[in-house]
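**Q** Quick one: the structure is below, questions incoming.
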Amino acid sequence: MQIWNGWGDETVHMDLPPAARRLVRDRVGRGTAREDFPLEKMMARVPGSRLPRHPLITTDPEVRVFHSHGQSLPDWVALRRGNLNRFPDGVAFPATAGEVQKLLCFAREQDVIVIPYGGGTSVVGHLNVPEDDRPVLSLSLERLNRLVSIDPYSRLATFEAGVKGPDIEAQLRAHGFTLGHYPQSFEYSTLGGWVATRSTGQQSSHYGRIESLFAGGEIHTPQGTIDCPPFPASAAGPDLRQLILGSEGRLGILVNTIVKVSPIPERDEVWSFFFPSWRDALEAVRSMAIDGVRYSMIRLSNPIETMTQLVMAGRERTVNLLRQYLRFRNIKDAEGCLCLIGFIGSKRQVAAEKRLTTSILRRNRGISLGRRMGKAWGKNRFRAAYLRNTLWDMGYAVDTVETAVTWDKVTTTMEAIEKAITEGMDRWKERAHIFSHLSHVYPTGSSIYTTFLFRIADSAEEMIARWKAAKTFASRAIIRAGGTISHQHGVGLDHRPYLEAEKGAVGMEILRQAFAHIDPEKRMNPGKLVEE
Ligand SMILES: Cc1cc2nc3c(=O)[nH]c(=O)nc-3n(C[C@H](O)[C@H](O)[C@H](O)COP(=O)(O)OP(=O)(O)OC[C@H]3O[C@@H](n4cnc5c(N)ncnc54)[C@H](O)[C@@H]3O)c2cc1C
C-alpha cells in the first residue's frame, strides 16, 4: 500500500549505514525525530464537500486527503506536521474518454475547478488546491491505464494517459518493445504526467526526453478535443504537440497518448569511472557529448556527492581503496569525482562505444572501476527515493533544485547554487549538506541537479521559512546564471515566479492568451505555471 504522507510503498524501507548517519550528523547537526500528524486527525479536518452528487465522484475524506498534494517539500511539511488545510471537494476516477467528457461537462455546468491528477509525484506544487469560491474536483487518470494499440511496423504505441511506468513497460515488453522512460518516480508517475511536465528519464540520452517520445495524442479541453496525429515530421506551422508538452493541466485532460517505442535492447550496461578532479571529469563528459559518443546516461557527481554516495551506499572498502589510489597519485582526498556512464544497444555497439569512451576518459585521467557500482545503481535506481522517508524519520528534510546551462556556465552555476543554499540556511543559523551532479549531458551543455539536506524545525512555519530561504536564493542564483528554472520537474507553483525571466513578457503573454482562449473560465488547474 502507498504511504499516505511520504514516498512509495509502505513495505519498502531503505536503511542508512552507521557511517552515513554520522556523516549527516557531522555535516548539519543532530536531527530530532518529530511525531507525524495522524491520518485520522487529518481526515477529521476535511470539510464537507461543496460538490453536488455525481455517480463518478467520491467525496470520501481519505481519498480527498490523498489527492490534495504532490511530493514537494512544502507538501511533505503540510502532511507530516499537520498544516494541510485545502482539499479537493471530490475525486473522480473516469475509466473511459466518454466519462472524462461527462466530467468536464459537469464541471462547466456546476462551475467547478478541475485538477488533472496523474501519479501525484509532482515536486513543484502542480496539484495544490487553490483557494477559490468554486468547488474543486481532482480528476484522477488512475483507471485510464491500458495499452490501446501498438503498431510494431511504425514503432508507435497508443496508451491511455493514466498508465504508470511499470504498467507501460509490462504491456510493451509482451510485444518485445520498451518505451525506455525511467524518471526516478517511475513506480508511480504516469505517461500523461510525464507529457504535462516535460519529464526526463534516467536513460533519456538514448531513448530521448518525453518531448521526443511523445508522438501525438488526444487532449480534451473545455473548448473541445485537440487531436495530434503522429506525423513523423511536419512543416505545417507551429507544432501543437509542443503546446501540450509542459501544459501542466492548464489546457485540459490528455486522454490518449501516442509514443515512440524501441525494441528491447540486447545490452543495457552501466559502468563507473573515477576522476582525480572535477575539471578532468567535466572535460571528459563534455568531450563525450560533443564527439558523438552514443551513451544512454552520464551521471557525474561532484566531490561532495561522490563522498556522500559512497558512504550512503555503505562502500567503505571502495572509499578506502580510492583514498589509497588518490594518495598514490598525489591527489587531494576531497577532489575525486565518480561518474556513471551507460550504454545501450547490441553487444557490438556497446563494445564499440565503451572503447571510444575509455579512450576519451583516459585522456582526462579517468579510470574505470568496472560494472559493480553500475549494477548496484541499476538495482536501487528507484529505491533511492525511499531514503527521503528514512532521513525524515531521523529529523532531516531533503529537497533538490535543478537547471540546465551551456557548457561555459556549468561549474560557476553549480557553485553559485550551492553557495546560495548555504546563504539561505545561514539566515536561520542552520547548516545544510549540499551536493550536486550532472544528470543529463548534451552537446551544448548539461543539467545540474543539486540536493540539500537540513534539519527539521520545531514548527511547520519555521520549516517552510528555512526551505523558502534556500529555494528562493537557489532559484535566483539559477536565473542570474542564465539557467532554465527547470530541466525536468516543471514549473507548478514553486517555479512560477521565475518563469518570466526566461520566457520574457511577450512569451508569458502568449501562454496567458493560449490558456485564456482554451479555458476562458480558468477552470483547468488555475494558477499553475502562469499566474492569473
Ligand atoms: C522521488 C521522485 C523522483 C522524481 N524523479 C524525476 C525524474 O527523474 N525525472 C523527472 O522528470 N521528474 C521526476 N520527478 C518529478 C515527477 O515525477 C514528474 O514531474 C512526473 O512527470 C509527474 O508525473 P505524475 O503522473 O505523477 O503527474 P502529477 O504529479 O499527478 O501531475 C503533474 C502535472 O501534470 C498534470 N497532469 C497529470 N496527468 C495529466 C493528464 N493526463 N492530462 C493533463 N494534465 C495532466 C497535472 O495536472 C499536474 O499539473 C520525481 C518526483 C519524485 C517524487
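**Q** Identify the residue in segment 339-348 that is in contact with a Pro (Cβ under 9 Å, 6 or more places away or on another chain) and at negative phi and, among all such residues, is least open to solvent (accessible area, probe 1.4 Å).
**A** The residue in question is 344.
**Q** In segment 104-119, is there at least one residue being within 14 Å of the ligand (Cβ to nearest atom), in a loop (DSSP other than H, G, I, E, B) and not charged (D, E, K, R)?
**A** Within segment 104-119, one or more residues are within 14 Å of the ligand (Cβ to nearest atom), in a loop (DSSP other than H, G, I, E, B) and not charged (D, E, K, R).
**Q** Suppose we keep only residues that are closer than 14 Å to residue 447 by Cα and outside any loop (DSSP other than H, G, I, E, B) within segment 191-210. Which one would you say is farthest from the ligand (Cβ to nearest atom)?
**A** Applying the filter and picking the extreme gives 205.
**Q** Among the residues of segment 474-498, how many are in a helix (DSSP H, G or I) and either surrounded by 15 or more Cβ atoms within 10 Å (Cβ to Cβ) or within 14 Å of the ligand (Cβ to nearest atom) (or both)?
**A** Residues meeting the conditions: 10.
**Q** Restricting to segment 40-62, count the residues that are outside any helix (DSSP H, G or I), farther than 20 Å from residue 100 by Cβ and open to solvent by less than 40 Å² (accessible area, probe 1.4 Å).
**A** Qualifying residue count, segment 40-62: 1.
**Q** Sticking with this one: Suppose we keep only residues that are open to solvent by less than 40 Å² (accessible area, probe 1.4 Å) and not hydrophobic (A, V, I, L, M, F, W, C) within segment 212-235. Which one would you say is nearest to residue 298 (Cα to Cα)?
**A** Looking at residues that are open to solvent by less than 40 Å² (accessible area, probe 1.4 Å) and not hydrophobic (A, V, I, L, M, F, W, C), I get 216.
**Q** List the residue pairs whose Cβ atoms are under 7 Å apart, where the first residue sits in segment 272-286 and is β-branched (Val, Ile, Thr), the second is crowded, with 21+ Cβ neighbours inside 10 Å, and the two are 6 or more positions apart or on different chains.
**A** 285/298; 285/300; 285/339; 285/438; 285/441
**Q** Name the residue that is least open to solvent (accessible area, probe 1.4 Å), counting only residues in segment 260-298 that are of a type in the set (Asp, Glu) and in contact with a Lys or Arg (Cβ under 7 Å, 6 or more places away or on another chain).
**A** 269
**Q** Hey, another quick one. Quick one: which residue in 413, 390 is surrounded by 24 or more Cβ atoms within 10 Å (Cβ to Cβ) and not assigned by TED's automatic domain parsing to the domain that holds residue 205?
**A** It is 413.
**Q** Ok, one more. Going through segment 299-321 one residue at a time, which ones are surrounded by 17 or more Cβ atoms within 10 Å (Cβ to Cβ) and not hydrophobic (A, V, I, L, M, F, W, C)?
**A** 299, 301, 302, 303, 305, 306, 308, 309, 315, 318
**Q** Can you name the number of the only condition in (1) in a loop (DSSP other than H, G, I, E, B); (2) closer than 30 Å to residue 108 by Cβ; (3) not hydroxyl-bearing (Ser, Thr, Tyr) that residue 65 fails?
**A** (1)
**Q** May I ask you to say which residue of 501, 505, 516 is assigned to a helix (DSSP H, G or I), aliphatic (A, V, I, L, M), closer than 27 Å to residue 201 by Cα and open to solvent by 40 Å² or more (accessible area, probe 1.4 Å)?
**A** Unique residue meeting the criteria: 501.
Yes or no, residue by residue, for (1) within 8 Å of the ligand (Cβ to nearest atom); (2) part of a loop (DSSP other than H, G, I, E, B):
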site	(1), (2)
162	yes, yes
167	no, no
175	no, yes
185	yes, yes
218	no, no
227	no, no
231	no, yes
237	no, yes
270	no, no
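**Q** Could I ask something else about it? How many residues are within 15 Å of the ligand (Cβ to nearest atom), touching a residue at least 60 places away in the same chain (Cβ under 8 Å) and closer than 20 Å to residue 89 by Cα if we restrict to segment 123-152?
**A** Selection size over segment 123-152: 11.
The values are calculated or read from the model by the stated rules, or taken from the named source; none is laboratory data. This one's a predicted model, so the numbers in the text were calculated from it and none came from an experiment. Note that each Cβ is placed from the backbone with ideal geometry, even for glycine, and that neighbours are counted across all protein chains shown. Ligands, DNA and RNA are excluded from the accessible area calculation, which covers all protein heavy atoms including side chains. Shrake-Rupley method; radii C 1.70, N 1.55, O 1.52, S 1.80 Å.
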